[in-house]
Amino acid sequence: MSIDVFPDLKMVSFIFSLINQNSSEVEINSLSKINTKLSDLSENLLDFSKTIKFDQIVQGMEKICDNYGFVIKGFSNLGNKSEDVERAKGSINTFENLLNNFGIIASNQLKINDEIQIKTNSFDLNLERFTKGQINKTNALLVDYPDNFLDIFNKSNNETILKKAVFSKYTLIGAIDNEILNLQNSSQLTLSFVDEFKQQEFRIENLTEPFVFKIPRNLSEKIFDFINVTNYNSSYDVDNRFLTLSFSTNNKSIISFYLKPKNISMAYLIAVKFGSKPILTDKTHDFDYFYSLCPDNLKQLENESVYFIQLNQSMINYTDNNLIGIGISELTNKSLCHIESEEILNKTRYVTCDFNVLFFESNCYYLNRFTGEWLSDGLVVGENINLNCTECLAYHLTDITAGVSILPAKIDFNYVFKSSSFEKNSTIYITLIVIGSIYIILFVWTRIMDRKDNLKTKIYFLNDNIDDHNNLYEIIVFTGNRKSAGCKSNVFFDLYGNLGQENNRQLNSSLNKNYVLQRGSINTFIMKTKNTLGDLNFLRIWHDNSGGDWYLKHVIINDFSNGNTFFFICNKWLSLTKEDEQIQRLLPLAGDEQKKELIYLLQKEVKNKLSDGHLWFSIFAKSSLNSFKRTERLTCCFVLMLLGAMANILYYEQDTTVNTSELKFGPFSLSASQIVIGIMTNLITFPPSFLLVHLFRLSKARKPRSDVLKKMIKKSKEDKELIDLKHCDNQNKINSNFSNKYTDMNLSSTFTKDDDLQNIRQRLKKDNKAKAALIEIILYFMFACISFIVCYSKIDVKSFIYKSMVLNFFQLNDQSSFYKIQKPNDVYTWISNEFLPKIQSNSYYNNQKTNLYNYIRDHNSILIGNVILRQLRIKTEKCTQINDRTCFRDYSIFNEEKSNFKPNWIFNYTNESYTSIIEESFMYKHSSDMESYPYLGLYTTYMGGGYVYEINQKKNIDYVQKDILFLNKLNWINGNTRALFIEFSLFNPNVNYFSYNTILFEFLSTGHILKSININPFSLYNYETGFSILALICDIFYVLVGKIISMIL
């Protein structure tokens, strides 16, 4: 609504006051609108002040100030959302408008030495006019003036000054959240003086004596809680007589320390150590300050007796890591506390009585109204500090407030939750989301693998067992972990002992081929025999090749009748195409020597360590017999990883000093402190992770195998659920058809016809070669297609056209003056007259001026960075053929000149003065400084360093041409010059192409100049269409394949 008369202003103010009664519940949008409207109301009041009475003016100011106090209170309750803070900064602008408008009203309405005092619930305002020779200091709002501050106004031509003083119960919110600076419990004072003649504030700064601001605390809730200290909740050292407390603090603050003894007759010795904890033993006294506290030093605080100590800023500045250690010890006799020498140190003991302590630090800040930041430079924290007030010494005038924080700092969970938004902690949230997603994916996979492991560890009865046979053997078969090591063929074996033999027994059948004898599996079978076989000697095992090859590691057989165990080690392929092309193996009983062979033990130990000992590897390589499941191992791994991350948080940014002695490995570095931190975090994380792993291992201990087997045998006899004998008999008939073709039932016989076996081998070899050839053809075809796409995607007509445009624009074709350069003076002339006018756009084709200094003269391409003129020189050498003659050799890395010269290639200073850019052009710059690389020219290869003159694109062409002419006079190019590079980069946004361009002049020892041009157009981002995305995928694949091949070779 429009405000045309003063009653409208009063009505709007009344409405705002009703809304603001509960400002903490008002939405941010409403607060922002009210804040803006209050600024408008002050403008309206300024207009009305010309026609209304003075009492009405004061009444309007009270209404506006009262509402503004509520707005500041509402803003102070905000969270730390960036958009809310930006809106709250608008209160700073309103604050300035209120003071300016009210100041104009006061200048127009008040007489000399008159004042306006506005007092509201949370906002007080004092406006006073005075002459520059006097001021009423008694009306200052909690501010003490320096004695000579009136001298500030002597430079003013006007006799009248307007003072503006403001007290706000709440602090204006700044660019940094006030809770970070601990301003939420502080008030704000503002003091300024206005020259009424100029209507400008006096710039008061760099005072010799400070203004003293006494900032009250807004203690709406109790923040000062004493900590009870006993022998049980403090740091205790047997040798150290100090009870030690420590905390970190800001080196621009003052530390206040209250000690409230339970026994007021007790005397104490207090020691302070900056950077570490204080120590007091019979031999060591390590601290910076000590104080003796006597009962007559007690002060009254809230009707209780306390000791008080204050550490000022100059003392705290001694520490580098901002750590303060406090040592508290009792004096053996209170009569000793007045001794000022170090003799008192030997009259102390460890504390015996409980007491309460309170530490808090105080800081002072001022508001930078331009940036909205609360800053502390130029302010000093005064020494007159208590629980209700902070004293700030200001050497300049502005908005002053103070922060207070309790030490050691407690975790403010309200602030933590307010600052837990995704926008502020995106990195943390994304990291946790990624870790959680990886965990869920791996958990699903490990759960599937655990189920497969359960199927693999089932104990199977052989299909050809007979129920009437009572002798039991446990056969444990270990399949290798090599590629395609699993077997789906029908496997048979013969077993020979000194008392008998078992022939043509079958291990697997079609019922269990998906889980038995697979890669890395450990399968257990129960074999029944009519009679005992005695001590086993040989095991012959083979398969019918119906389902591929098999890599057998070893077989363990347990005889249940006598408890003996027999080992048969194979570690070979049963294959017609691999190794020795045998599908049957005769395995003798392994003796102790064979079981202790290095290869066998090494393979066994490495597999066991990786599959069970290493927690991360065991997730993927766990033995199926191990009861410690994959999901449990995965959980332990992630718990360990998160524990390590949490432990590292304790040391995050604790050591910010630059360590020059650290070891560097490319982009990585390692310092002694990082090693210590790593050891400490491992010590922290090891006990809980070890306990967790141990509990998981013990939670599901495996039952003894004998119990499991007895249970299975009993169940088999009762209901025959584990085996279907009828089905087994039918299956045996089917499987024996193929087996009987090639095998016999006794040990000495093998396949009946070697020719048949050889034919099968040859056929399999041909099949494998055909498969390999087909796969190779497919791979070659795919690689050819990818190579074609990679090459074709790089061909672009626009690239060729753009390169031609650059050549034609700079007139670098065969018929141009560029190729007519014969001597160094021609180079200077070409650069000054032909090249320079084209790299800067001063005007359009119709001579209209343009400010597009970064465009070249075609008005389409942008010059990226500066143009570099870089020359390489050789060292001066005397000729061996002719005496007193200087020879100029060809360029090489061994005779390259790298010295720093003065202009005109001399070493000594002259009386002439040159610009810095001219002097720098005679000083050598290394390739690492310019990030340049060697370059292959027409004649030889040149290194990346040299003597450089940079053409600044912001400088006028006339200025650069004068520099080029001056370089010619100083012989910048002379007989020692062997190469001159002109390097510059362009970007044409119309075609989305960059170009890196190099113009090279090679000065040969014969006196001839070779000219060459290298224009390299490229596009940084071409992947916009469907084909370009396919090209990107092919590029990545091509690079990966190339890297893999290079690593293999």
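The values are calculated or read from the model by the stated rules, or taken from the named source; none is laboratory data. Note that the structure is a prediction, hence the values are computed from the model and not measured. Glycine also receives a Cβ, built like all others from the backbone with ideal geometry; neighbour counts cover every protein chain displayed.
For the range 811-833, check the following and say yes or no: at least one residue is more than 30 Å from ALA1031 (Cα to Cα), surrounded by 11 or more Cβ atoms within 10 Å (Cβ to Cβ), of a type in the set (D, E, K, R) and modelled with pLDDT under 85. Among the residues of the range 811-833, not one is more than 30 Å from ALA1031 (Cα to Cα), surrounded by 11 or more Cβ atoms within 10 Å (Cβ to Cβ), of a type in the set (D, E, K, R) and modelled with pLDDT under 85, which makes the answer no. The set of residues in the range 560-581 being among the hydrophobic types (A, V, I, L, M, F, W, C) and in contact with a Lys or Arg (Cβ under 8 Å, 6 or more places away or on another chain) consists of PHE567, ILE569, CYS570, LEU574, LEU576.
Please specify each residue of the range 793-806 satisfying the condition of being within 14 Å of SER1028 (Cβ to Cβ) and without any contact (Cβ under 8 Å) to a residue 24 or more places away in the chain. Listed by number, the residues that qualify are LYS794, ILE795. Name, by its number, the condition in (1) modelled with pLDDT under 85; (2) under 28 Å from LEU298 (Cβ atoms); (3) in contact with an Asp or Glu (Cβ under 8 Å, 6 or more places away or on another chain); (4) surrounded by 15 or more Cβ atoms within 10 Å (Cβ to Cβ) that does not hold for VAL381. If we test VAL381 against (1) modelled with pLDDT under 85; (2) under 28 Å from LEU298 (Cβ atoms); (3) in contact with an Asp or Glu (Cβ under 8 Å, 6 or more places away or on another chain); (4) surrounded by 15 or more Cβ atoms within 10 Å (Cβ to Cβ), just (1) comes out false.
For the range 260-292, the set of residues classified as in contact (Cβ under 8 Å) with a residue 40 or more places away in the chain and of a type in the set (S, T, N, Q) consists of ASN263, SER265, SER276, THR281, SER292, listed by residue number.
Taking residues in the range 981-998 that are closer than 14 Å to ILE1013 by Cβ, and partners anywhere that are of a type in the set (Lys, Arg) and buried (at least 19 other Cβ atoms within 10 Å of the Cβ), the pairs with Cβ atoms closer than 6 Å and at least 6 places apart or on different chains are PHE981/ARG870. Every condition in (1) small (Gly, Ala, Ser); (2) modelled with pLDDT under 80; (3) part of a helix (DSSP H, G or I) is met by SER2 except one, and the failing one is (3).
Could you tell me whether any residue of the range 796-809 is more than 30 Å from ASP1035 (Cα to Cα), outside the structural domain of LYS969 (by TED's automatic domain parsing) and at pLDDT 85 or above? The answer is yes; a qualifying residue exists. Selection of first residues in the range 448-468 that are at positive phi and assigned by TED's automatic domain parsing to the domain that holds ASN490 and of second residues that are part of a helix (DSSP H, G or I) and surrounded by fewer than 19 Cβ atoms within 10 Å (Cβ to Cβ), restricted to Cβ pairs under 9 Å at least 6 apart or on distinct chains, gives an empty result. Residues of the range 858-876 that are in a loop (DSSP other than H, G, I, E, B) and surrounded by 19 or more Cβ atoms within 10 Å (Cβ to Cβ): SER861 alone. Does ILE649 satisfy the condition of being surrounded by fewer than 11 Cβ atoms within 10 Å (Cβ to Cβ), at pLDDT 65 or above, outside the structural domain of TYR473 (by TED's automatic domain parsing) and within 27 Å of HIS614 (Cβ to Cβ)? Spelling it out, ILE649 is indeed surrounded by fewer than 11 Cβ atoms within 10 Å (Cβ to Cβ), at pLDDT 65 or above, outside the structural domain of TYR473 (by TED's automatic domain parsing) and within 27 Å of HIS614 (Cβ to Cβ). Does the range 996-1010 contain at least one residue that is more than 18 Å from LEU807 (Cα to Cα) and among the hydroxyl-bearing types (Ser, Thr, Tyr)? Yes: the range 996-1010 contains one or more residues that are more than 18 Å from LEU807 (Cα to Cα) and among the hydroxyl-bearing types (Ser, Thr, Tyr).
Would you confirm whether any residue within the range 539-556 is more than 51 Å from the chain's Cα centre (by Cα) and closer than 23 Å to ASN626 by Cα? Yes, the range 539-556 has at least one match. With a requirement of 3 or more residues that are of a type in the set (D, E, K, R), none of the strands (runs of 3 or more DSSP E) lying completely within the range 245-357 satisfies it. In summary, strands (runs of 3 or more DSSP E) completely within the range 492-585 and bearing 2 or more residues that are among the aromatic types (Phe, Trp, Tyr) and either farther than 30 Å from ASP767 by Cβ or touching a strand residue (DSSP E or B) at 6+ places or on another chain (Cβ under 9 Å) (or both) occur at 536-543, 550-559, 565-574. Screening the candidates PHE1001, PHE984 for the property of being under 22 Å from GLN840 (Cβ atoms), surrounded by 15 or more Cβ atoms within 10 Å (Cβ to Cβ) and in contact with a Lys or Arg (Cβ under 8 Å, 6 or more places away or on another chain) yields one hit, PHE1001. LYS262 meets the conditions (1) in contact with a Phe, Trp or Tyr (Cβ under 7 Å, 6 or more places away or on another chain); (2) surrounded by 16 or more Cβ atoms within 10 Å (Cβ to Cβ) in every case but one. The failed one is (2).
For the residues LEU1010, LEU938, LEU1030, the requirement of being assigned to a loop (DSSP other than H, G, I, E, B), out of contact with any helix residue (DSSP H, G or I) (no Cβ under 6 Å at 6 or more places or on another chain) and of a type in the set (A, V, I, L, M, F, W, C) singles out LEU938.
Taking the range 776-829 on its own, how many of its residues are closer than 30 Å to ALA979 by Cα, of a type in the set (A, V, I, L, M) and outside any loop (DSSP other than H, G, I, E, B)? Going through the range 776-829 one residue at a time, the tally reaches 5. Among the residues of the range 968-977, is there at least one that is surrounded by 13 or more Cβ atoms within 10 Å (Cβ to Cβ), in a helix (DSSP H, G or I) and assigned by TED's automatic domain parsing to the domain that holds CYS887? Yes; the residues of the range 968-977 include at least one that is surrounded by 13 or more Cβ atoms within 10 Å (Cβ to Cβ), in a helix (DSSP H, G or I) and assigned by TED's automatic domain parsing to the domain that holds CYS887. VAL1039 meets all of the listed conditions (1) assigned to a helix (DSSP H, G or I); (2) in the same structural domain as CYS887 (by TED's automatic domain parsing) but one, namely (2). Within the range 328-351, the residues that satisfy the criterion of being touching a residue at least 60 places away in the same chain (Cβ under 8 Å) and within 29 Å of GLU302 (Cα to Cα) are ILE328, SER329, GLU330, LEU331, ASN333, LYS334, LEU336, CYS337, TYR350, VAL351.
What are the residues in the range 476-495 that are farther than 15 Å from LYS456 by Cβ and either touching a Cys at 6+ places or on another chain (Cβ under 8 Å) or crowded, with 20+ Cβ neighbours inside 10 Å (or both), if any? Listed by number, the residues that qualify are SER489, ASN490, VAL491, PHE492, PHE493, ASP494, LEU495.
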